[in-house]
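The values are calculated or read from the model by the stated rules, or taken from the named source; none is laboratory data. As the structure is a prediction and not an experimental result, all values here were calculated from the model. Cβ placement follows ideal geometry from the backbone for every residue including glycine, while neighbour counts extend to all protein chains displayed.
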Amino acid sequence: MSSILPPEWVEMELGDMSKSIFNELPLSEDKADLKKSCLETACALQDGQLLKLLAETRDGLIDSKLRSKIWPQLLGFPIDPQLGYDFTSSPPHKDEDQVSKDIDRSFVYYPQNEARKQELKSRLSDLIVGVLRANPELHYYQGYHDIASIVVMVFENDNEAFQFLSLLTQFHLRDHMMSSIDSSVQQLEIIGDLMGCIDPKFNRVISSVNPIYSLSSILSLFAHNIQSFEDLCLIWDFVFAEKTMVLPLYIYVSVLVYFKEEILTKLEEESGSSFSSEDTYFEEDDLPMNLENNLDILHSILTNVVGENLGNEFEIFQVLHSSVEYLQNHPPSQLKCFQTRISEFSVLKTTSKPEGDVPVSSYLEDDRLSTLITKQIDEDKAKAEKRRLQLIASRRPRKTSSMDNLRKYLYDRVLINRNRKLKVSMFVKISFTIGILSFLLHYYTDKAQFRSLYGAGVNGVHNMVIVKFASFSNTVAGINFGAAKESVFGLF
Amino acid sequence: MSSRKKTILKVIILGDSGVGKTSLMQQFINGKFSNQYKATIGADFLPKDLAIDDKQVTMQIWDTAGQERFQSLGVAFYRGSDCCVLVYDVTNTKSFESISSWKDEFLVQANVKDPDNFPFVVIGNKIDVEENKRLISGKKAQALCAQLGNLPYFETSAKEAVNVEQAFDVVARNALQQEESLEFADDYTDAVNIHVDGDNGSCAC
């Protein structure tokens, strides 16, 4: 390896070399030329290890010409510049309308030249439509056009651009191209889990919002958010050198950690609450005080953190180097959500996984890749169907909550009681009426009996009947009263 | 409590991809138009302080992605909104036909307490185009808005700043009304709770 290094670098160990290139700010012109020739030689010799090292040092892969050669090499993609592609004979992809809307709005930050912009847009359209028609089972997403616009700028040769983007899509981006956005959103959960390992206290703030703040950065490999083409290419140099799409997630965490103070200061400014002092967000349990009312503001700060803060090469390198460090110290296989939430067919566990080096060629042989993609799509379809059924179930007339049920129960109970009380009181009234009547009858019969002892006995038989009826009535009244009393107390 | 804190009116702009949601927001907030807005991915808001009849409020205007696959993310953003702006492009029939489904989707995902009275405002954008390119007439749009529950309707041009202020003035007023009615509703709900609890208590004795 050392034979292809420039003489002045030969004496250094590889580790030292990375430090030396890393420390120089900026890379002087002659050093850049030296690095270029070194890159060209490494490229010709297909020295992957050296290419990776050079990609991850100051100025990365230097320019587009080198990148168009070295990116495919880093990723192990076989590219044949002579191999053409023709999409005109294939049936249109269902998302082509969306593609044309997004192409109208591409190349916003660069290039400045209007004629070049128009030329690039035309090439971009053919490129995206070509890849989509070649992969009709994949769905287009907004943000894919941001990736494709970088590809079209770096690869001057359309055939190379097509092959590169096709393979990048199939090997590294396909998770984002399933029928729903769920598989993308699941990837984002890695951010919280990783932050939990690196800075648990800060994670308590970060995790109070849904990680979709990072969605645009992850979907577009930062192309949507970074406004400088050169800066973006440096990030891509790193990502392709590490050969894994888990790195962008680690980069996001690294950005959050690097700009932690800025984030907390801004949160304080915009919400008018204090978050940075020990007693607010360093407490052990519960959501940090005041944060609950400011989740929207936090989301906005976190979604803009890359575009607004990541501006100079020094910071970018700091962030990128620590992201690679995190990847070594906390590989995704150690993260809980990676084990439980990410599909076994996901790029992160197969063709774009960080550990284990499965050569691209082995996937391209024997339809191994297409079988994998088919399995992933089948799984996605099954999930989509399940989701559809759940959605239908959840959108039926809203089920009452347990509180609502309790309220309804109590309300019904009160109504029933009222009705029952009404019935009971009628019952009691009748009973009392009978009771009073019996008492009167009894009194009357007593009188009658007294009279019958001393007076005419004509009414004797009649009176006896009355006495018997009265005592019967009394009994009935007694029973009724008992029943009424019982039913009144029985209510409770 | 609300008197101490500044009133925040959360407004969500929805509509198909490319109808001009970002342009409308930028025109209202910054008074600018550019042909060069990137496609919106995910969602983010811009704040604007304004006074509605001497009441100081901060409007938080949320711009969202129009592509259908991003729709399911609404659950994370719509909660607590005070008004929803439904935008279509007067030169795009499909975007007009989507208005009603955007409305339904919003109501489901925002988990609105009183869906029949939640304030929506419909905007037909891009009226600066030549008349022959226009596919949706004002009359047709008015009919739809009447059918959807007498929603206020505005025709705007974010490009030429036509009617944008007026539309957002209504948005702000309706949002404020909604915010205040929610505060009232919270009090009211509490009162009802106490009443029910009381009833229960008296029965238990």
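Quick one: how many residues across the range B:23-51 are more than 9 Å from chain A (Cβ to nearest Cβ), of a type in the set (Val, Ile, Thr) and touching an Asp or Glu at 6+ places or on another chain (Cβ under 8 Å)?
So the answer is 0.
Anything in the range B:105-141 that is β-branched (Val, Ile, Thr) and either under 26 Å from B:LEU182 (Cβ atoms) or in a helix (DSSP H, G or I) (or both)? List them, or say none. Break it down into steps so the answer makes sense when it comes.
As a first pass, look at the range B:105-141 and keep what is β-branched (Val, Ile, Thr): B:108, B:112, B:121-123, B:127, B:129, B:136.
Once the filter is applied, which keeps residues that are β-branched (Val, Ile, Thr) and either under 26 Å from B:LEU182 (Cβ atoms) or in a helix (DSSP H, G or I) (or both), the range B:105-141 yields B:VAL108, B:VAL112, B:VAL121, B:VAL122, B:ILE123.
Quick check: is even one residue across the range A:90-110 in contact (Cβ under 8 Å) with a residue 60 or more places away in the chain and assigned by TED's automatic domain parsing to the domain that holds A:PHE155?
Restricting attention to the range A:90-110, the residues satisfying the condition of being in contact (Cβ under 8 Å) with a residue 60 or more places away in the chain are A:109-110.
From what's left, assigned by TED's automatic domain parsing to the domain that holds A:PHE155: A:109-110.
The answer is yes; a qualifying residue exists.
What are the residues in the range A:183-231 that are away from every other protein chain (no Cβ under 14 Å), of a type outside the set (S, T, N, Q) and farther than 19 Å from A:LYS260 by Cα, if any?
Selection gives A:PHE229, A:GLU230, A:ASP231.
Residue by residue through the range B:52-70, note down the ones that are farther than 24 Å from A:LEU221 by Cα and facing another protein chain (nearest Cβ under 9 Å). Break it down into steps so the answer makes sense when it comes.
Taking the range B:52-70 and keeping what is farther than 24 Å from A:LEU221 by Cα, we get B:52-61.
B:GLN60, the sole residue that qualifies.
When you go through B:ALA110, B:ALA141, B:ALA172 one by one, which is the residue that is of a type in the set (A, V, I, L, M), at negative phi, within 14 Å of chain A (Cβ to nearest Cβ) and buried (at least 19 other Cβ atoms within 10 Å of the Cβ)?
Numbers: B:ALA141 fails: within 14 Å of chain A (Cβ to nearest Cβ); B:ALA172 fails: within 14 Å of chain A (Cβ to nearest Cβ).
Checking each option against the conditions leaves just B:ALA110.
Taking only pairs six or more apart or across chains, which ones have beta-carbon atoms under 9 Å, a first residue in the range B:71-83 that is facing chain A (nearest Cβ under 10 Å) and under 14 Å from B:LEU9 (Cβ atoms), and a second residue that is surrounded by fewer than 19 Cβ atoms within 10 Å (Cβ to Cβ) and polar (S, T, N, Q)?
Final answer for the pair search is none.
Condition check ((1) in contact with a helix residue (DSSP H, G or I) (Cβ under 7 Å, 6 or more places away or on another chain); (2) modelled with pLDDT of 95 or more; (3) over 29 Å from A:LYS349 (Cβ atoms); (4) hydroxyl-bearing (Ser, Thr, Tyr)) across all residues:
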residue	(1), (2), (3), (4)
A:TYR250	yes, yes, no, yes
A:PHE275	yes, no, yes, no
A:GLU283	no, no, yes, no
A:ASN294	yes, no, yes, no
A:ASN312	no, no, yes, no
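Which of the numbered conditions does B:THR64 fail, given that it passes all the others? Conditions: (1) within 25 Å of B:ALA146 (Cβ to Cβ); (2) crowded, with 20+ Cβ neighbours inside 10 Å.
Among (1) within 25 Å of B:ALA146 (Cβ to Cβ); (2) crowded, with 20+ Cβ neighbours inside 10 Å, the lone unmet condition for B:THR64 is (1).
One residue is enough: does the range A:81-99 have a residue meeting the conditions hydroxyl-bearing (Ser, Thr, Tyr) and within 14 Å of chain B (Cβ to nearest Cβ)?
Pass one, the range A:81-99, residues hydroxyl-bearing (Ser, Thr, Tyr): A:85, A:88-90.
Next, only the ones that are within 14 Å of chain B (Cβ to nearest Cβ) stay: none.
Within the range A:81-99 (the criterion being hydroxyl-bearing (Ser, Thr, Tyr) and within 14 Å of chain B (Cβ to nearest Cβ)), the answer is no, since none of the residues qualifies.
Among the numbered criteria (1) modelled with pLDDT under 95; (2) more than 23 Å from A:ALA55 (Cα to Cα); (3) surrounded by fewer than 21 Cβ atoms within 10 Å (Cβ to Cβ), which one does A:LEU267 miss?
Among (1) modelled with pLDDT under 95; (2) more than 23 Å from A:ALA55 (Cα to Cα); (3) surrounded by fewer than 21 Cβ atoms within 10 Å (Cβ to Cβ), A:LEU267 violates only (3).
Would you check which residues across the range B:38-67 are among the hydrophobic types (A, V, I, L, M, F, W, C) and either under 22 Å from B:THR7 (Cα atoms) or part of a strand (DSSP E or B) (or both) and list them?
Once the filter is applied, which keeps residues that are among the hydrophobic types (A, V, I, L, M, F, W, C) and either under 22 Å from B:THR7 (Cα atoms) or part of a strand (DSSP E or B) (or both), the range B:38-67 yields B:ALA43, B:PHE45, B:LEU46, B:LEU50, B:ALA51, B:ILE52, B:VAL57, B:MET59, B:ILE61, B:TRP62.
Working carefully through the options A:ILE316, A:ILE377, find the one that is more than 19 Å from A:ASP237 (Cα to Cα), away from chain B (no Cβ under 14 Å), in a helix (DSSP H, G or I) and touching a residue at least 60 places away in the same chain (Cβ under 8 Å). Let's see the steps before the verdict.
Working: A:ILE316 fails: more than 19 Å from A:ASP237 (Cα to Cα).
None of the others qualify; the one that does is A:ILE377.
Here is a list: B:LEU144, B:LEU86, B:LEU151. Which entry is farther than 26 Å from A:PHE107 by Cβ, assigned to a loop (DSSP other than H, G, I, E, B) and modelled with pLDDT of 95 or more? Give the steps one after another, and end with the answer.
Numbers: B:LEU144 fails: assigned to a loop (DSSP other than H, G, I, E, B); B:LEU86 fails: assigned to a loop (DSSP other than H, G, I, E, B).
Just one listed residue meets the conditions, B:LEU151.
Could you identify the single residue in B:GLN67, B:GLN60 that is polar (S, T, N, Q) and touching a strand residue (DSSP E or B) at 6+ places or on another chain (Cβ under 6 Å)? Let's see the steps before the verdict.
Values: B:GLN67 fails: touching a strand residue (DSSP E or B) at 6+ places or on another chain (Cβ under 6 Å).
Residue meeting the stated conditions: B:GLN60.
Does the range A:104-151 hold any residues that are assigned to a helix (DSSP H, G or I), closer than 21 Å to A:SER68 by Cα and within 11 Å of chain B (Cβ to nearest Cβ), and which are they?
A:LYS117, A:TYR144, A:HIS145, A:ASP146, A:SER149, listed by residue number.
Just to be sure, is A:VAL306 over 25 Å from A:LEU267 (Cβ atoms) and either of a type in the set (A, V, I, L, M, F, W, C) or not assigned by TED's automatic domain parsing to the domain that holds A:ILE218 (or both)?
Numbers: over 25 Å from A:LEU267 (Cβ atoms): no; either of a type in the set (A, V, I, L, M, F, W, C) or not assigned by TED's automatic domain parsing to the domain that holds A:ILE218 (or both): yes.
Criteria not met by A:VAL306.
Can you say whether A:ILE297 is β-branched (Val, Ile, Thr), in a helix (DSSP H, G or I) and within 19 Å of the chain's Cα centre (by Cα), as far as the supplied structure shows? Walk me through it before giving the result.
On the way: β-branched (Val, Ile, Thr): yes; in a helix (DSSP H, G or I): yes; within 19 Å of the chain's Cα centre (by Cα): yes.
Considered against the rule, which asks whether it is β-branched (Val, Ile, Thr), in a helix (DSSP H, G or I) and within 19 Å of the chain's Cα centre (by Cα), A:ILE297 comes out as yes.
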